[in-house]
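See below for the structure under consideration.
The values are calculated or read from the model by the stated rules, or taken from the named source; none is laboratory data. In this text, all values refer to a predicted model and were calculated from it rather than measured experimentally. Here the Cβ positions follow ideal geometry from the backbone for every residue, glycine too, while neighbour counts run over all protein chains shown. Ligands, DNA and RNA are excluded from the accessible area calculation, which covers all protein heavy atoms including side chains. Shrake-Rupley method; radii C 1.70, N 1.55, O 1.52, S 1.80 Å.
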Amino acid sequence: MTTPKIIALAGSLRKDSFHQKLINEAARFALESGAEVEVIKLADLAIPMFDEDLEAQGTPAGVQQLKDKLRAADGILLASPEYNGSITAVLKNAIDWASRTEQGAEPAFANKVTALYAASPGGLGGLRGLNHVRDILSGIGSLVLANQLAVPAIHTLLDDNGRISDPATAEKVAGLAQQLVSVASKLK
Ligand SMILES: Cc1cc2nc3c(=O)[nH]c(=O)nc-3n(C[C@H](O)[C@H](O)[C@H](O)COP(=O)(O)O)c2cc1C
(Lines give C-alpha, C1' and ligand atoms only; values in the text may rest on other atoms or scores of the structure.)
Protein backbone atom coordinates (compact mmCIF):
# COMPACT_ATOMS: atom_id res chain seq x y z
CA MET A 1 0.00 0.00 0.00
CA THR A 2 1.21 3.51 -0.81
CA THR A 3 1.18 5.38 2.51
CA PRO A 4 -1.37 8.19 2.26
CA LYS A 5 -1.07 11.40 4.24
CA ILE A 6 -4.19 12.17 6.21
CA ILE A 7 -5.07 15.24 8.23
CA ALA A 8 -7.78 15.09 10.87
CA LEU A 9 -9.71 18.04 12.23
CA ALA A 10 -12.90 18.97 14.06
CA GLY A 11 -15.14 22.00 13.61
CA SER A 12 -15.25 23.00 17.26
CA LEU A 13 -13.01 25.17 19.42
CA ARG A 14 -14.35 23.77 22.70
CA LYS A 15 -11.76 22.32 25.09
CA ASP A 16 -13.88 19.23 25.79
CA SER A 17 -15.27 18.97 22.27
CA PHE A 18 -16.92 15.63 21.53
CA HIS A 19 -15.88 16.07 17.89
CA GLN A 20 -12.23 16.55 18.78
CA LYS A 21 -12.39 13.31 20.77
CA LEU A 22 -14.18 11.55 17.92
CA ILE A 23 -11.64 12.72 15.35
CA ASN A 24 -8.73 11.76 17.64
CA GLU A 25 -10.18 8.26 17.66
CA ALA A 26 -10.69 8.23 13.88
CA ALA A 27 -7.09 9.42 13.50
CA ARG A 28 -5.84 6.61 15.73
CA PHE A 29 -7.68 4.04 13.60
CA ALA A 30 -6.32 5.60 10.38
CA LEU A 31 -2.79 5.37 11.81
CA GLU A 32 -3.37 1.71 12.68
CA SER A 33 -4.48 1.19 9.06
CA GLY A 34 -1.10 2.33 7.79
CA ALA A 35 -1.62 6.03 7.04
CA GLU A 36 0.56 8.94 8.08
CA VAL A 37 -1.81 11.03 10.20
CA GLU A 38 -1.69 14.50 11.69
CA VAL A 39 -4.41 15.86 13.97
CA ILE A 40 -4.99 19.59 13.67
CA LYS A 41 -6.84 21.57 16.34
CA LEU A 42 -8.57 24.61 14.89
CA ALA A 43 -8.32 26.33 18.30
CA ASP A 44 -4.51 26.27 17.99
CA LEU A 45 -4.65 28.06 14.62
CA ALA A 46 -6.49 31.14 15.98
CA ILE A 47 -8.18 31.80 12.64
CA PRO A 48 -9.88 35.23 12.55
CA MET A 49 -13.29 35.83 11.00
CA PHE A 50 -12.89 35.97 7.24
CA ASP A 51 -12.83 39.51 5.90
CA GLU A 52 -11.55 40.40 2.45
CA ASP A 53 -10.01 43.59 3.84
CA LEU A 54 -8.05 41.52 6.36
CA GLU A 55 -7.10 39.05 3.62
CA ALA A 56 -5.75 41.94 1.54
CA GLN A 57 -3.25 42.60 4.35
CA GLY A 58 -1.87 39.05 4.05
CA THR A 59 -2.86 35.49 4.92
CA PRO A 60 -2.95 34.95 8.72
CA ALA A 61 -0.30 32.47 9.93
CA GLY A 62 -2.89 29.92 11.16
CA VAL A 63 -4.69 30.00 7.82
CA GLN A 64 -1.43 29.49 5.92
CA GLN A 65 -0.61 26.53 8.15
CA LEU A 66 -4.02 25.00 7.46
CA LYS A 67 -3.68 25.51 3.70
CA ASP A 68 -0.17 24.06 3.64
CA LYS A 69 -1.28 20.99 5.56
CA LEU A 70 -4.34 20.50 3.35
CA ARG A 71 -2.26 20.80 0.19
CA ALA A 72 0.25 18.25 1.45
CA ALA A 73 -2.49 15.77 2.42
CA ASP A 74 -4.15 13.05 0.36
CA GLY A 75 -7.16 12.69 2.64
CA ILE A 76 -9.12 14.44 5.36
CA LEU A 77 -10.91 13.05 8.40
CA LEU A 78 -13.41 15.74 9.32
CA ALA A 79 -15.77 15.86 12.30
CA SER A 80 -18.38 18.58 12.07
CA PRO A 81 -20.72 19.52 14.90
CA GLU A 82 -24.27 20.44 13.92
CA TYR A 83 -25.49 23.87 14.96
CA ASN A 84 -29.13 24.60 14.17
CA GLY A 85 -29.20 21.89 11.54
CA SER A 86 -26.06 23.07 9.77
CA ILE A 87 -22.28 23.50 9.83
CA THR A 88 -20.64 25.48 12.66
CA ALA A 89 -19.49 29.01 11.90
CA VAL A 90 -15.99 28.02 13.03
CA LEU A 91 -15.69 25.28 10.43
CA LYS A 92 -17.28 27.29 7.62
CA ASN A 93 -14.93 30.18 8.42
CA ALA A 94 -11.89 27.90 8.24
CA ILE A 95 -13.12 26.43 4.95
CA ASP A 96 -13.75 29.90 3.50
CA TRP A 97 -10.22 31.05 4.35
CA ALA A 98 -8.64 27.83 3.08
CA SER A 99 -10.62 27.92 -0.15
CA ARG A 100 -8.91 31.13 -1.27
CA THR A 101 -6.22 30.45 -3.85
CA GLU A 102 -3.01 32.34 -4.36
CA GLN A 103 -2.12 32.80 -8.03
CA GLY A 104 -0.99 29.52 -9.57
CA ALA A 105 -1.57 27.53 -6.38
CA GLU A 106 -3.66 24.38 -6.13
CA PRO A 107 -7.03 24.90 -4.38
CA ALA A 108 -6.48 23.50 -0.88
CA PHE A 109 -9.43 21.09 -0.91
CA ALA A 110 -9.07 19.95 -4.52
CA ASN A 111 -8.92 16.17 -4.97
CA LYS A 112 -8.73 15.41 -1.24
CA VAL A 113 -10.65 12.30 -0.27
CA THR A 114 -12.73 13.26 2.72
CA ALA A 115 -14.56 11.22 5.34
CA LEU A 116 -17.27 13.01 7.31
CA TYR A 117 -18.13 12.37 10.95
CA ALA A 118 -20.60 14.05 13.26
CA ALA A 119 -21.83 13.42 16.77
CA SER A 120 -24.39 14.92 19.08
CA PRO A 121 -25.84 14.42 22.53
CA GLY A 122 -29.14 14.33 20.60
CA GLY A 123 -30.79 11.51 18.69
CA LEU A 124 -29.83 12.34 15.09
CA GLY A 125 -26.09 12.52 15.74
CA GLY A 126 -25.61 15.73 13.75
CA LEU A 127 -26.69 14.07 10.51
CA ARG A 128 -28.46 17.14 9.08
CA GLY A 129 -25.32 19.26 9.32
CA LEU A 130 -23.30 16.71 7.38
CA ASN A 131 -25.46 17.24 4.29
CA HIS A 132 -24.40 20.89 4.27
CA VAL A 133 -20.73 20.05 4.85
CA ARG A 134 -20.86 17.54 2.00
CA ASP A 135 -22.35 20.14 -0.36
CA ILE A 136 -19.76 22.76 0.54
CA LEU A 137 -16.74 20.46 0.23
CA SER A 138 -17.96 18.82 -2.98
CA GLY A 139 -18.41 22.28 -4.45
CA ILE A 140 -14.75 23.13 -3.86
CA GLY A 141 -13.36 19.95 -5.35
CA SER A 142 -13.13 17.55 -2.41
CA LEU A 143 -13.99 13.90 -3.08
CA VAL A 144 -16.36 13.21 -0.19
CA LEU A 145 -16.88 9.51 0.54
CA ALA A 146 -20.49 8.36 0.17
CA ASN A 147 -20.23 6.65 3.55
CA GLN A 148 -20.36 8.96 6.56
CA LEU A 149 -21.02 8.53 10.27
CA ALA A 150 -23.35 10.42 12.61
CA VAL A 151 -23.15 9.26 16.24
CA PRO A 152 -26.17 9.98 18.49
CA ALA A 153 -25.88 10.21 22.32
CA ILE A 154 -22.12 10.79 22.09
CA HIS A 155 -21.95 11.86 25.77
CA THR A 156 -22.70 8.25 26.76
CA LEU A 157 -20.08 6.67 24.48
CA LEU A 158 -16.73 8.11 25.63
CA ASP A 159 -14.61 7.14 28.63
CA ASP A 160 -12.69 9.54 30.91
CA ASN A 161 -9.72 9.49 28.53
CA GLY A 162 -11.84 10.51 25.54
CA ARG A 163 -11.74 7.03 24.04
CA ILE A 164 -14.88 5.47 22.57
CA SER A 165 -16.12 3.01 25.16
CA ASP A 166 -18.83 1.40 23.04
CA PRO A 167 -17.41 -1.38 20.81
CA ALA A 168 -20.11 -1.06 18.13
CA THR A 169 -19.45 2.68 17.77
CA ALA A 170 -15.68 2.16 17.75
CA GLU A 171 -16.11 -0.37 14.95
CA LYS A 172 -18.08 2.14 12.86
CA VAL A 173 -15.56 4.94 13.47
CA ALA A 174 -12.72 2.58 12.54
CA GLY A 175 -14.53 1.28 9.44
CA LEU A 176 -14.90 4.74 7.93
CA ALA A 177 -11.30 5.68 8.77
CA GLN A 178 -10.10 2.47 7.14
CA GLN A 179 -12.12 3.20 4.01
CA LEU A 180 -10.60 6.68 3.79
CA VAL A 181 -7.09 5.27 4.08
CA SER A 182 -7.80 2.62 1.47
CA VAL A 183 -9.29 5.04 -1.10
CA ALA A 184 -6.64 7.72 -0.47
CA SER A 185 -3.95 5.10 -0.93
CA LYS A 186 -5.43 3.87 -4.23
CA LEU A 187 -5.71 7.42 -5.60
CA LYS A 188 -2.21 8.43 -4.54
C1 LIG B 1 -25.79 27.18 18.82
C2 LIG B 1 -25.95 25.69 18.98
C3 LIG B 1 -26.82 25.02 18.14
C4 LIG B 1 -26.94 23.63 18.24
N5 LIG B 1 -27.75 22.98 17.34
C6 LIG B 1 -27.77 21.62 17.35
C7 LIG B 1 -28.48 20.92 16.32
O8 LIG B 1 -29.07 21.48 15.42
N9 LIG B 1 -28.47 19.57 16.36
C10 LIG B 1 -27.79 18.87 17.34
O11 LIG B 1 -27.80 17.64 17.31
N12 LIG B 1 -27.12 19.52 18.33
C13 LIG B 1 -27.09 20.87 18.35
N14 LIG B 1 -26.37 21.54 19.30
C15 LIG B 1 -25.69 20.77 20.36
C16 LIG B 1 -24.32 20.28 19.89
O17 LIG B 1 -24.49 19.05 19.23
C18 LIG B 1 -23.39 20.13 21.11
O19 LIG B 1 -23.16 21.39 21.70
C20 LIG B 1 -22.08 19.44 20.75
O21 LIG B 1 -21.44 19.12 21.97
C22 LIG B 1 -21.18 20.33 19.90
O23 LIG B 1 -20.01 19.66 19.53
P24 LIG B 1 -18.63 19.77 20.34
O25 LIG B 1 -18.82 19.03 21.63
O26 LIG B 1 -17.63 19.09 19.47
O27 LIG B 1 -18.32 21.22 20.57
C28 LIG B 1 -26.23 22.93 19.24
C29 LIG B 1 -25.38 23.63 20.10
C30 LIG B 1 -25.22 24.99 19.96
C31 LIG B 1 -24.24 25.72 20.87
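Structural remarks
- Cβ-Cβ FRET estimate between A56 and S138, R0 fixed at 22 Å, reported to 0.05: 0.15
- Accessible area (Å², 1.4 Å probe, nearest 10) - K188: 110 Å²
- Screening the chain for whole DSSP H helices of 24 Å or more along their axis (Cα) with average Kyte-Doolittle hydropathy at least 0.0 returns 167-187.
- The three principal axes of the Cα atoms in the chain give end-to-end lengths of 48, 39, 27 Å, sorted in falling order.
- For region 155-188 versus region 68-84, the spacing of their alpha-carbon centroids is 15 Å.
- Derived scalar couplings ³J(HN,Hα) [region 37-53; Karplus, 6.51 cos²θ - 1.76 cosθ + 1.60; whole Hz; x for Gly, Pro]: 10, 10, 8, 10, 9, 4, 4, 6, 8, 6, 7, x, 4, 5, 8, 4, 5
- Rounded to 5, percent antiparallel among DSSP beta bridges of region 47-188: 20 percent
- Probing with 1.4 Å while keeping every protein chain in the model, the per residue accessible area of the chain equals 48 Å².
- Packing order of peptides 93-100, 120-127, highest average first: 93-100, 120-127 (average count of other Cβ atoms within 10 Å over each peptide's residues).
- Applying the Kirkwood pairwise sum to the alpha-carbon positions of region 1-111 produces a hydrodynamic radius of 14.7 angstrom.
- Using C-alpha pairs below 8 Å separated by at least 6 residues, the relative contact order for region 5-187 is 25 percent.
- Heavy-atom accessible surface of region 101-183: percent carbon and sulfur, 1.4 Å: 50 percent
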